[in-house]
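Q: The structure under discussion is supplied below as C-alpha cells; questions concerning it will follow.
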Amino acid sequence: MAARFTVRRLRLRELDRILEIERASFGPDAYDRKLFAEYAHKCGDLFLAAVRQGSIWGYMIVCTRGDRAEVTSVAVDPEVRGQGAASALMESALRRLRRRGIARLTLMVRVANREAQGYYRKYGFATVRRVRGYYEDGSDGWLMARGV
Ligand SMILES: CC(C)(COP(=O)(O)OP(=O)(O)OC[C@H]1O[C@@H](n2cnc3c(N)ncnc32)[C@H](O)[C@@H]1OP(=O)(O)O)[C@@H](O)C(=O)NCCC(=O)NCCS
C-alpha cells in the first residue's frame, strides 16, 4: 500500500498545505507557521511529505541529535486516513535514518491518542514510560521508542 505514495522533502512553499492538515488534525494544539518554519530550518532534511495524485496527504518531521532521533510530529489529512500515508512516511523515515546510522527513534504521544498508538505499535515502538503532565493542558504522554 505504501508504494502508492511518493515520500520526499517538504518544500517551504508547501507550508500552507501542512498548516491545513495540522489544524484539521490537532485543533487548538496545532503548531503554527513560525514553529513549522523553525523545524524546516532545523530538521528540514527529515521534514517529509507523503504525496499522492499530486497532493500532499500527510507529513512527518523527524529531528536527529547524534545517533538518536525523535518523531517531532506526524499527521495525515483526516479525509484520507487509513490508506497508508502514515505508513509510507514511517517506512521512508526509517530508511533515511538507517542510512545515517541512527540507532534509536523516540516519540511522545498522548495517553488518550489510541489511533496514533496503534500506528506506532505497528511499527514496533514500545512504551518506555508515562510522562505525567507532559502536555500543556496537563495531560500525560507515553514516551515510546524503537531501534532503527
Ligand atoms: C495516526 C495517523 C498519523 C495515522 O495515519 P494514517 O495514514 O491513517 O495511517 P495508515 O493508513 O498508514 O495506517 C497505519 C497503521 O496505523 C494504525 N491505525 C490507523 N488508524 C487507526 C485507528 N483508527 N485505530 C487504531 N489504529 C489505527 C493501524 O495499525 C494501521 O495499520 P493497518 O492499516 O495495517 O491496520 C493519523 O490517524 C493522524 O494523522 N492522526 C492525527 C494526528 C496524530 O495523532 N498524530 C500523532 C501525534 S503523536
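The values are calculated or read from the model by the stated rules, or taken from the named source; none is laboratory data. If you're wondering where the values come from, they're calculated on a predicted model, not measured in any experiment. No Cβ is skipped: glycine too gets one built from the backbone with ideal geometry, and neighbour counts run over all protein chains shown. Protein only, heavy atoms only, side chains kept; ligands, DNA and RNA dropped before computing areas. Shrake-Rupley method; radii C 1.70, N 1.55, O 1.52, S 1.80 Å.
Q: I'm trying to understand the selection: among the residues of region 28-57, which are open to solvent by less than 40 Å² (accessible area, probe 1.4 Å), at pLDDT below 95 and either hydroxyl-bearing (Ser, Thr, Tyr) or within 14 Å of the ligand (Cβ to nearest atom) (or both)?
A: none
Each row is one residue, and each column tells you yes or no for (1) touching a Phe, Trp or Tyr at 6+ places or on another chain (Cβ under 6 Å); (2) hydroxyl-bearing (Ser, Thr, Tyr).
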residue	(1), (2)
Ser25	no, yes
Lys34	no, no
Leu46	no, no
Ala49	yes, no
Tyr59	no, yes
Val71	no, no
Ala85	yes, no
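To keep it simple, each residue is scored yes or no on (1) touching a Ser or Thr at 6+ places or on another chain (Cβ under 9 Å); (2) over 19 Å from Ala30 (Cβ atoms); (3) open to solvent by 40 Å² or more (accessible area, probe 1.4 Å).
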{"site": "Cys63", "(1), (2), (3)": "yes, no, no"}
{"site": "Val71", "(1), (2), (3)": "yes, no, no"}
{"site": "Glu91", "(1), (2), (3)": "no, yes, yes"}
{"site": "Arg96", "(1), (2), (3)": "no, yes, yes"}
{"site": "Val128", "(1), (2), (3)": "yes, yes, yes"}
{"site": "Asp137", "(1), (2), (3)": "no, no, yes"}
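Q: Checking the structure you have, find out if any residue of region 15-25 is outside any helix (DSSP H, G or I), under 25 Å from Asp137 (Cβ atoms), at pLDDT 95 or above and open to solvent by less than 30 Å² (accessible area, probe 1.4 Å). It would help to see each step written out before you state the result.
A: The initial filter retains those residues of region 15-25 that are outside any helix (DSSP H, G or I), namely none.
No, region 15-25 contains no residue that is outside any helix (DSSP H, G or I), under 25 Å from Asp137 (Cβ atoms), at pLDDT 95 or above and open to solvent by less than 30 Å² (accessible area, probe 1.4 Å).
Q: Sticking with this one: Pull out all pairs, ordered by first then second residue, where Cβ-Cβ is under 6 Å, the residues are six or more apart or on different chains, the first lies in region 60-88 and is part of a loop (DSSP other than H, G, I, E, B), and the second is buried (at least 20 other Cβ atoms within 10 Å of the Cβ).
A: Partner pairs satisfying both residue conditions: Asp67/Ile102; Asp77/Ile21; Asp77/Trp57.
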